[in-house]
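S.K.: I'd like to ask you about the structure that follows.
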Amino acid sequence: MNLNIVTRDPEETQKLGKRISKLVVPGDLFAFYGELGAGKTCFIQGVCQGLGVRDYVTSPSFTIINEYKGRVPVYHFDLFRLNSLEEFLDLGYEEYFYGEGLTVIEWAEKVESLLPFGHLKISIEFFNYSQRIIYFATSSDRYKVFLKELIQSENIRD
Ligand SMILES: Nc1ncnc2c1ncn2[C@@H]1O[C@H](COP(=O)(O)OP(=O)(O)O)[C@@H](O)[C@H]1O
Ligand SMILES: [Mg+2]
């Protein structure tokens, strides 16, 4: 199942993230794709805000993972600087992927083979300077339901 949404500025991308946060349950995993500056972190900031995270959310480029406390804990991976799969395996990633938090992964293509079947792909592409096309895709039933709920939530104000 696929869903595309165009956002016109960073605030709209964050709002979409916030809308999605309402549907998050423990153990969820979102895999993000998109070039540098596409808006992955921006989207994740919205998700975290919606989950009540108080920390300032930024790309954890030098630490690979940041953890935040929220309604559901958030495990935020940024794999831009990941050099090898081995390095990732050393993190004990299973504790996160199969844990009780929401896992969000920037540059998920670097660990594609390790992603559990049940995950939501979120690809962000440049449309122009301030517009982005956000593609959601999944093969798993859990996230098909999730995307349907997302569509239904369109008219709900927060
Ligand atoms: N529609 C949009 N959605 C998200 N970010 C946007 C949008 N338009 C412009 N931007 C800008 O693009 C940049 C996205 O940065 P960031 O979220 O850190 O990207 P990434 O994590 O993908 O490298 C920010 O400077 C943001 O202000
Ligand atoms: Mg980023």
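The values are calculated or read from the model by the stated rules, or taken from the named source; none is laboratory data. The structure displayed is predicted, hence computed values, not measured ones. Note that each Cβ is placed from the backbone with ideal geometry, even for glycine, and that neighbours are counted across all protein chains shown. For accessibility, only protein heavy atoms count, side chains too; no ligands or nucleic acids. Shrake-Rupley method; radii C 1.70, N 1.55, O 1.52, S 1.80 Å.
S.K.: Suppose we filter TYR93, TYR75, TYR98, TYR33 for residues that are among the aromatic types (Phe, Trp, Tyr) and within 20 Å of PHE126 (Cβ to Cβ); which single one remains? Lay out the reasoning, then the answer.
M.R.: Working: TYR93 fails: within 20 Å of PHE126 (Cβ to Cβ); TYR75 fails: within 20 Å of PHE126 (Cβ to Cβ); TYR98 fails: within 20 Å of PHE126 (Cβ to Cβ).
The match here is TYR33.
S.K.: Looking only at segment 1-15, count every residue that is open to solvent by 70 Å² or more (accessible area, probe 1.4 Å) and among the charged types (D, E, K, R) and tell me the total.
M.R.: 3
S.K.: If I go through segment 58-79 residue by residue, how many of them are touching a strand residue (DSSP E or B) at 6+ places or on another chain (Cβ under 7 Å), within 13 Å of ligand 2 (Cβ to nearest atom) and assigned to a loop (DSSP other than H, G, I, E, B)?
M.R.: 5
S.K.: Could you give me the residue pairs with C-beta distances under 9 Å whose first residue belongs to segment 64-92 and is within 16 Å of THR41 (Cβ to Cβ) and touching a residue at least 40 places away in the same chain (Cβ under 8 Å), whose second residue is within 16 Å of ligand 1 (Cβ to nearest atom) and part of a loop (DSSP other than H, G, I, E, B) wherever it lies, and which are 6+ apart or on separate chains?
M.R.: What qualifies is PHE80/LEU36; PHE80/SER59; PHE80/SER61; PHE80/TRP107.
S.K.: Please specify each residue of segment 16-46 satisfying the condition of being crowded, with 17+ Cβ neighbours inside 10 Å and within 6 Å of ligand 1 (Cβ to nearest atom).
M.R.: GLY34, ALA38, GLY39, LYS40, THR41, CYS42
S.K.: For segment 30-50, does any single residue satisfy the condition of being of a type in the set (D, E, K, R), within 30 Å of GLU154 (Cα to Cα) and touching a helix residue (DSSP H, G or I) at 6+ places or on another chain (Cβ under 9 Å)? So that I can check it myself, show each step before the final result.
M.R.: Of segment 30-50, the ones of a type in the set (D, E, K, R) are 35, 40.
Right, trim to within 30 Å of GLU154 (Cα to Cα) and you get 35, 40.
Still in the running and touching a helix residue (DSSP H, G or I) at 6+ places or on another chain (Cβ under 9 Å): none.
There is no residue in segment 30-50 that is of a type in the set (D, E, K, R), within 30 Å of GLU154 (Cα to Cα) and touching a helix residue (DSSP H, G or I) at 6+ places or on another chain (Cβ under 9 Å).
S.K.: Hey, among PHE97, PHE127, which residue is in contact (Cβ under 8 Å) with a residue 60 or more places away in the chain, open to solvent by 40 Å² or more (accessible area, probe 1.4 Å) and away from ligand 2 (no atom under 16 Å from the Cβ)?
M.R.: PHE127
S.K.: Would you point out which residue out of ILE65, ILE105 is surrounded by fewer than 17 Cβ atoms within 10 Å (Cβ to Cβ) and at negative phi?
M.R.: On the way: ILE105 fails: surrounded by fewer than 17 Cβ atoms within 10 Å (Cβ to Cβ).
Going through ILE65, ILE105 in turn, just one is surrounded by fewer than 17 Cβ atoms within 10 Å (Cβ to Cβ) and at negative phi: ILE65.
S.K.: Filter segment 106-129 down to the residues that are part of a strand (DSSP E or B), within 14 Å of the chain's Cα centre (by Cα) and not basic (Lys, Arg) and list them by number. Spell out the reasoning first.
M.R.: Step one: of segment 106-129, the residues part of a strand (DSSP E or B) are 106, 120-126.
Cutting the leftovers down to within 14 Å of the chain's Cα centre (by Cα) gives us 106, 120-124.
Selection gives GLU106, LEU120, ILE122, SER123, ILE124.
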